[in-house]
Amino acid sequence: MIRSYKGIFPKIPDTCYVDESAQIIGDVTLGEHSSVWMNSVIRGDVHYIRIGAFDSEKGWESLRLSFIAQRPAVEPGFQVVRSNGPGRQINYTTRSYATDQPPEQRYRDV
C-alpha cells in the first residue's frame, strides 16, 4: 500500500519493484531500479527516507540510505564487521554502536 502523509506522496519510479504487501508512507523517495520486498514498511512520517538507486558497478550491489533530517546531538556511529564465509568469501556488514545501549537510552541528547 502506498499512501500520503500530510499531503506528501512517496516518489517511486516506474523501474522499481514494490511488493503488494509492502507499506510505503509519506516523504519517501526510491531510486531507479530499487525494490521493496514482502511486508516491508518504509515510513516517511517523521523524517524523510531516501533509498538510492541500484548500483551494479564492479559486479556487486550497494544500498545507500539517508533518513535522519534532524540528527541527534550525539551520534554513536557505525562499526564495520568482517566475517569469513565458505572458501575465500569475505562478508562485511555494518552495526550501529547505538545497539550497545537499551532501546530507551539510544540517541538521547546528552
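Take segment 1-22 and flag every residue that is within 20 Å of Gly52 (Cβ to Cβ), touching a Ser or Thr at 6+ places or on another chain (Cβ under 9 Å) and either not aliphatic (A, V, I, L, M) or not in a loop (DSSP other than H, G, I, E, B) (or both). Show your work before the answer.
Here is the first cut: in segment 1-22, the ones within 20 Å of Gly52 (Cβ to Cβ) are 2, 8-19, 22.
Going one step further and asking which of them are touching a Ser or Thr at 6+ places or on another chain (Cβ under 9 Å), we end up with 10-13, 15-19, 22.
Selection gives Pro10, Lys11, Pro13, Thr15, Cys16, Tyr17, Val18, Asp19.
From the list Asp27, Asp45, pick out the single residue that is under 14 Å from the mean Cα position of the chain (by Cα), outside any loop (DSSP other than H, G, I, E, B) and modelled with pLDDT of 85 or more.
Details: Asp45 fails: under 14 Å from the mean Cα position of the chain (by Cα).
Asp27 is the lone residue from the list that is under 14 Å from the mean Cα position of the chain (by Cα), outside any loop (DSSP other than H, G, I, E, B) and modelled with pLDDT of 85 or more.
The values are calculated or read from the model by the stated rules, or taken from the named source; none is laboratory data. Just so we're clear, the structure is a prediction, and the values are computed from it rather than from any experiment. Cβ atoms come from the backbone with ideal geometry, glycine included; neighbour counts cover every protein chain shown.
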